[in-house]
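Q: Quick one: the structure is below, and I'll ask about it shortly.
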Amino acid sequence: MSGSVTTDERLGLRPLTARSVLLSVLLGTHPPELPVRALVRAGALFGIPDGTIRVALSRMAADGDVEAGGGRYRLAGRLLERQRRQDEGRAAAILDWDGSWELILAGPRLRGADAKANASALTGPLRMAEWRDGVWGRPANLGRRLPDVAQAGARIARTGPLDDPAGLAGQLWDLDAWAARALELTAAMDDRPGPALHFTISAAVVAHLRDDPLLPFELLPRQWPGATLRRRYTTFEADLTALLRREL
């Protein structure tokens, strides 16, 4: 069994589809647009035929995920926000924490099982966790402006220091699981994977960083691997960028 197969199985990584390859390439490009020929070549790196890539691009355009023009495709709509979140996850503005928490208080439209998806779409990008039914929160330690949530039937509030904030953070986020996955991904990057697996691991790291709650250090377990994962990924991404430039 080859080393790349072993790594795939150990990390639970699935082969990238045509759509996921295209998204990964465009999300990692600034500005997020590339010529069709480069996107076709990206697919070829994974053994995905030219026609399959072109069909995927057409479907993504129909869904509003990309826009076409001048022989190029660029990200559009909600995926531009996803790229912003992705970049924020890698280099977030973490502030000194005064002990306060940000809250989103849901109105009737965000309550109940049927509204969970809408609530997640609203609070997920803010890295908030559900505290109790209709209340999401996080420590107020991120340097970003909260959006207007009134149209979603919610309002923003703030609370002062709480009793046992570290215990609450441990209830709201599975920090041990996040840390364990971060260590696995760091080890995988250190294994010097081949081009296809390099790309797949990169996508997995980016997704994992989007799930980092970015808590104040006072609330994190000892030896938290978040900063190490980000530093290692900076080099890993530079290597991947060089590879893509050579290939595309």
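Q: Can you tell me which residue is farthest from Pro35 (Cα to Cα) among those in the stretch 50-64 that are surrounded by 21 or more Cβ atoms within 10 Å (Cβ to Cβ) and out of contact with any Gly (no Cβ under 9 Å at 6 or more places or on another chain)?
A: Looking at the filtered set, the residue picked out is Met60.
Q: Which one of these is buried (at least 17 other Cβ atoms within 10 Å of the Cβ), of a type in the set (Gly, Ala, Ser) and more than 21 Å from Arg210 (Cβ to Cβ): Ala154, Ala166, Ala119?
A: Residue meeting the stated conditions: Ala154.
Q: Within the set of pairs 6 or more residues apart or between chains, which connect a residue that is of a type in the set (Phe, Trp, Tyr) inside the stretch 23-47 to a residue that is in a helix (DSSP H, G or I) and buried (at least 18 other Cβ atoms within 10 Å of the Cβ) with Cβ atoms less than 9 Å apart?
A: Phe46/Ala18; Phe46/Val21; Phe46/Phe199; Phe46/Thr200
Q: Here is a further query. Of all residues being buried (at least 17 other Cβ atoms within 10 Å of the Cβ) and farther than 13 Å from Ala169 by Cα in the stretch 122-140, which is nearest to the chain's Cα centre (by Cα)? Just the residue, please.
A: Checking each candidate, the answer is Leu126.
Q: Look through Leu26, Leu45 and report the one residue that is surrounded by fewer than 20 Cβ atoms within 10 Å (Cβ to Cβ), touching a Pro at 6+ places or on another chain (Cβ under 7 Å), of a type outside the set (Val, Ile, Thr) and in the same structural domain as Ala76 (by TED's automatic domain parsing).
A: Numbers: Leu26 fails: surrounded by fewer than 20 Cβ atoms within 10 Å (Cβ to Cβ).
Criteria check complete, one pass: Leu45.
Q: For Leu219, only one of the following conditions fails: (1) surrounded by fewer than 19 Cβ atoms within 10 Å (Cβ to Cβ); (2) touching a residue at least 40 places away in the same chain (Cβ under 8 Å). What is its number?
A: Only one criterion in (1) surrounded by fewer than 19 Cβ atoms within 10 Å (Cβ to Cβ); (2) touching a residue at least 40 places away in the same chain (Cβ under 8 Å) is unmet by Leu219, namely (1).
Q: Among what's in the stretch 222-248 and is of a type in the set (Val, Ile, Thr) and closer than 20 Å to Ala187 by Cβ, pick the residue that is surrounded by the most Cβ atoms within 10 Å (Cβ to Cβ).
A: The qualifying residue surrounded by the most Cβ atoms within 10 Å (Cβ to Cβ) is Thr228.
The values are calculated or read from the model by the stated rules, or taken from the named source; none is laboratory data. This one's a predicted model, so the numbers in the text were calculated from it and none came from an experiment. Neighbour counts run over all protein chains shown; Cβ positions are idealised from the backbone, glycine included.
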